[in-house]
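Undergrad: This is the structure I have questions about; it appears just below.
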């Protein structure tokens, strides 16, 4: 049975590259959620006045991978303790956030934030948990960014180490090539 998760952990290119390698995931779309502007352009989001976060919307088969397992990967592969920042990316568009789709996802997100994430990280976890109101897909040049641009410096320096960490820590969740 297909479900959808919407999460933001800084750069959506990183999360997209990771979740595209997860068993049971049928699609990953980069986009924006949590803001106040209808149909935000990427230019407008990065001006910093829309309130949107970079997110990925993940469609997955809950009989293969659970929502809880999606969040285990999420909390392990980004720093949920830095407010509005991931590495050199600074601004509320890079915040750590989980947009839940129903009350079950809300309960799981709260539990994973309160228990699992705090066991992984020494500093306080600042991940926001909000109801999903609207998801806006990012323009095409943001989709499949890592797959299409592996030679780019950002992919080599930022995304490759996260993918390596995923592949080492979550071997059982890795899609077979």
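Undergrad: Pick out which of 157, 58, 129 has the largest mean-square fluctuation in a Gaussian network model of the chain, springs linking Cα atoms closer than 10 Å.
TA: Of 157, 58, 129, the most mobile in the Gaussian network model is 157.
Undergrad: Between residue 131 and residue 61, with labels modelled 7 Å along Cα→Cβ, what's the label distance in nm to one decimal, could you check?
TA: Label at residue 131, label at residue 61, 3.2 nm between them.
Undergrad: Evaluate the Debye formula for the stretch 7-101 with equal point scatterers sitting on the alpha carbons, no solvent, and hand back log10 of I(q)/I(0) at q = 0.14, 0.21 Å⁻¹, in q order, two decimals.
TA: -0.48, -1.02
Undergrad: Hey, in the GNM for the chain with a 10 angstrom Cα cutoff, which one of 107, 95, 85 fluctuates hardest?
TA: Answer for the Gaussian network model of the chain: 107.
Undergrad: What nm value, rounded to one decimal, do you get for the distance between residue 144 and residue 165 when each label is placed 7 Å out toward the C-beta?
TA: 2.7 nm
Undergrad: A further question follows. Between residue 152 and residue 88, what FRET efficiency follows from the Cβ-Cβ distance if R0 is 25 Å, with the result rounded to 0.05?
TA: 0.95
Undergrad: I need the shape label for the chain. Rule: rounded when a/c is under 1.5, else prolate if a/b > b/c, else oblate, with a, b, c from the alpha carbon gyration tensor.
TA: Judged from the Cα gyration tensor, the chain comes out rounded (a/c under 1.5).
Undergrad: A further question on this structure: Given the rule -39500 (n - 2.57) for each run of at least 4 DSSP H residues, summed and divided by the residues of the chain, what is its mean residue ellipticity at 222 nm, to the nearest 500 deg cm²/dmol?
TA: It comes out at -7500 deg cm²/dmol, rounded to the nearest 500.
Just so you know, all these numbers are worked out from the coordinates, no wet-lab data involved. Predicted, not measured: the structure shown is a model, and the values here were computed from it. Don't worry about glycine lacking a Cβ; one is built from the backbone with ideal geometry, like all the others, and counts go over all protein chains shown.
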